[in-house]
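First the structure, in the form of structure tokens, and then the observations on it.
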Amino acid sequence: MVFSYNGASKPMSTAHFIAWGPSAVGALKQRDRLLGQSNPIVEVVEDLRMGPLDDADQVVAPKRTFWWQAIWRAQWWFDGDAYETALLDQYAGCRAHFLSVIAAPEPQAPQVALA
């Protein structure tokens, strides 16, 4: 899923994209290359459709992190020694980046005088 926002009804020179997962990010990067553009792209791996939301709006979210760890550990392929530190680092980085984007003021559409 990809969301584009630019705060205006007409295209601006730079669009900002929020994409869920590396595949969507790759598709947007390819789009930019083909169009000769360079738009900011934020990858989101957080899935807010499930799990506790008590601390979902905080950069450090112990309840959600613990919940994701339990999900990871329940997978047959998961080797905590090999994967957990990297997954936690990626999760924290994506989470902080995503929260900073949604906390930023939304670009305002240009004001148009009505005649």
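No lab work stands behind these numbers, since they all come straight from the coordinates. Small disclaimer: the values here were computed from a predicted structure and weren't measured. Cβ sites come from the backbone with ideal geometry, for glycine too, and all protein chains shown count toward neighbours.
Amide hydrogen proximity for His16: with H placed 1.01 Å from N in the peptide plane, the residues at 5 or more positions away or on another chain lying under 5 Å are Tyr5.
Each residue of the range 28-35 was assigned a 3J(HN,Hα) from its phi angle through the Karplus curve 6.51 cos²θ - 1.76 cosθ + 1.60 (θ = phi - 60°); the sequence is 5, 5, 5, 4, 4, 4, 5, 8 Hz, with glycine and proline shown as x. In the range 48-108, a dipole from Cβ-located charges (positive for Lys and Arg, negative for Asp and Glu) runs towards its positive end, and of Gln69, Gly80, Met50 it is Met50 whose Cα lies farthest in that direction.
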